[in-house]
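Taking it in order: structure first as structure tokens, then the write-up.
Readers should treat all values here as calculations from the given coordinates under stated rules, not as data from a laboratory. Just so we're clear, the structure is a prediction, and the values are computed from it rather than from any experiment. Cβ sites come from the backbone with ideal geometry, for glycine too, and all protein chains shown count toward neighbours.
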Amino acid sequence: MTRNLTFSIFRYNPMDRTSTPHMDTFVVPETSSMTLFIALTRIREEQDPSLQFDFCCRAGICGACGMLVNGRPNLACKTKTKELPDVVTLLPLPIFRLVGDLSVDTGTWFREMYSRVGSWIHTDREFDPLAEEERMDNALANEIYELERCIECGCCIAGCATARMRRDFLGAAGLNRVARFMLDPRDQRTEKDFFEIIGDDEGIFGCMGLLGCEDVCPKGLPLQDQLGFLRRRMGLAAIRSFLPGGK
Ligand code: SF4
Ligand code: SF4
Ligand code: FES
């Protein structure tokens with residue numbers, strides 16, 4: 001028998017002075033293999049064309065469709081309605097600037113974070129376009145690739161208690177980015193340089209280690225391992241800086 005799904009959806013348009021935050025209810029008959037993306041599209045096409053939400057790839061690749069699904073950050077395009085109860089509450093991801101309804105601006109947050117952590121290979125070697133591509137050890141290349149799989153969906157930031165309390169906290173996505181460049185032998189930054197970026201409460205020492213980030217990451221990034229790796233490396237760097245002659 002077809003289930004009727006009831007969606008309670010946050011509505012607010014910050015650009016409209018007459019708009020006030022509230023929840024709207026929509027009922028949608030469930031279809032086979034329905035995802036939240038399909039349900040939201042049906043609501044927009046059949047019931048309310050003003051409903052705002054983001055999507056691009058519909059395949060868990062672009063990271064645009066993150067939202068709180070019954071309180072948990074997740075990707076709408078990868079969430080099957082058959083895994084959900086009859087009543088579903090949808091809210092925009094917290095922390096990011098609200099564009100309207102379920103749509104948030106993760107791009108500005110990620111751009112600022114990339115700029116803060118210097119998200120590129122820092123080297124004084126001149127680029128030679130005619131040189132042969134350099135080889136990298138396969139195991140190391142795979143390790144770096146694993147961390148490059150982040151799709152910037154913002155779910156780990158939205159699920160992080162520290163990010164809620166500290167506006168400038170780098171969050172798991174930012175710390176993961178730093179770990180990626182620490183692994184890369186082409187990046188000539190020293191431990192001290194990285195300590196300058198993440199060696200405080202806005203960085204690794206603000207992380208409470210309860211791993212909400214790893215629980216909600218839809219791409220299954222090894223965030224727990226990276227946070228542990230950074231905590232050890234930066235803790236040792238802090239100790240070394242206190243030793244006689246420490247830098
Ligand atoms: S482990 Fe750290 S980064 Fe992850 S959710 Fe907790 S405080 Fe945030
Ligand atoms: S680390 Fe995971 S949850 Fe965080 S932004 Fe990247 S893909 Fe999304
Ligand atoms: S639409 Fe691209 S990840 Fe969901």
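Under a GNM of the chain (C-alpha, springs under 10 Å), which listed residue has the highest mean-square fluctuation: L68, L230, L84?
L84
Between R232 and K82, what's the calculated FRET efficiency when r is the beta-carbon distance and R0 is 30 Å? Round to 0.05.
Once the sixth-power term is evaluated, E becomes 0.10.
Net charge near R135, counting Lys/Arg +1 and Asp/Glu -1 over other residues with Cβ under 15 Å of its Cβ?
-4
Tally Lys and Arg at +1 and Asp and Glu at -1 over the other residues with C-beta under 12 Å from the C-beta of D168: what net charge comes out?
Result for the neighbourhood of D168: -1.
Would you kindly work out the equivalent ellipsoid of segment 4-103 from its C-alpha gyration tensor and give its semi-axes, the square roots of five times the eigenvalues, largest first in whole Å?
20, 16, 12
Could you work out the helix-only [θ] at 222 nm for the chain, with each DSSP H run of four or more residues adding -39,500 (n - 2.57) and the total divided by the number of residues, to the nearest 500 deg cm²/dmol? Numbers along the way, then the final one.
Values: 9 runs with 89 residues, N = 247.
After summing the helix terms and dividing by residue count, I get -10500 deg cm²/dmol.
What does the extension gain come out to for E45 and M208, with contour length at 0.36 nm per residue minus their alpha carbon separation?
Residue separation times 0.36 nm, minus the Cα-Cα distance, leaves 54.4 nm.
May I ask you to list the chymotrypsin sites (Phe, Trp or Tyr not before Pro) in segment 57-137 that are in a DSSP loop and have at most 14 other Cβ atoms within 10 Å of their Cβ?
Details: sites: F96, W109, F110, Y114, W120, F127; in loops: F96, W120, F127.
Qualifying residues, ordered by number: W120, F127.
Given H placed 1.01 Å from N in the peptide plane, which residues other than close sequence neighbours of T35 have an amide H under 5 Å from its amide H?
Close amide H contacts, sequence-distant or interchain: T81.
Taking the Cα centre of segment 44-185 as origin, sum charge times position over the Cβ atoms of Lys and Arg (+1) and Asp and Glu (-1), and report the length of that vector in debye to the nearest 20.
720 debye
So what's the chain giving for Cα Rg divided by 2.2 N^0.38 Å, two decimals? List each step's numbers first, then the result.
Working: Rg = 21.2 Å, N = 247, 2.2 N^0.38 = 17.9 Å.
Rg over 2.2 N^0.38 Å, computed on Cα atoms: 1.19.
If R₀ is 35 angstrom, what is the calculated FRET efficiency for the pair N4 and A59, using the beta carbon separation as r and rounding to 0.05?
0.80
Given springs between every Cα pair under 10 Å in a Gaussian network model of the chain, which of N138, N176, N13 has the largest fluctuation?
Its mean-square fluctuation being the largest, the pick is N138.
Charges only on Cβ, +1 for Lys and Arg, -1 for Asp and Glu: so what's the dipole of segment 4-103 about the Cα centre, in debye to the nearest 20?
300 debye
Hey, if you put +1 on the Cβ of every Lys and Arg and -1 on every Asp and Glu Cβ in the chain, which of L84, S241, L230 ends up farthest toward the positive end of that dipole?
Positive-end residue among those listed: L84.
Please work out, to two decimal places, the log10 of the ratio I(q)/I(0) at q = 0.15 Å⁻¹ from a Debye calculation in which every Cα of segment 118-242 carries one identical scatterer.
-0.72
Once amide H atoms are placed 1.01 Å from N in the peptide plane, what residues at a sequence separation of 5 or more from Q52, or on another chain, have their amide H within under 5 Å of its amide H?
L102
In segment 92-176, which trypsin sites (Lys or Arg not before Pro) fall in coil by DSSP and have 15 or fewer other Cβ atoms within 10 Å? Intermediate results must be reported in sequence, preceding the final value.
Values: sites: R97, R111, R116, R125, R135, R149, R164, R166, R167; in loops: R125, R135, R149, R166, R167.
For trypsin sites (Lys or Arg not before Pro) across segment 92-176 that sit outside H, G, I, E and B with at most 15 neighbouring Cβ atoms in 10 Å, the list reads R125, R135, R149, R166, R167.
Residues with amide H under 5 Å of G66's amide H, sequence separation 5 or more or different chain, H placed in the peptide plane at 1.01 Å from N; which?
The list, which skips near neighbours in sequence, is A76.
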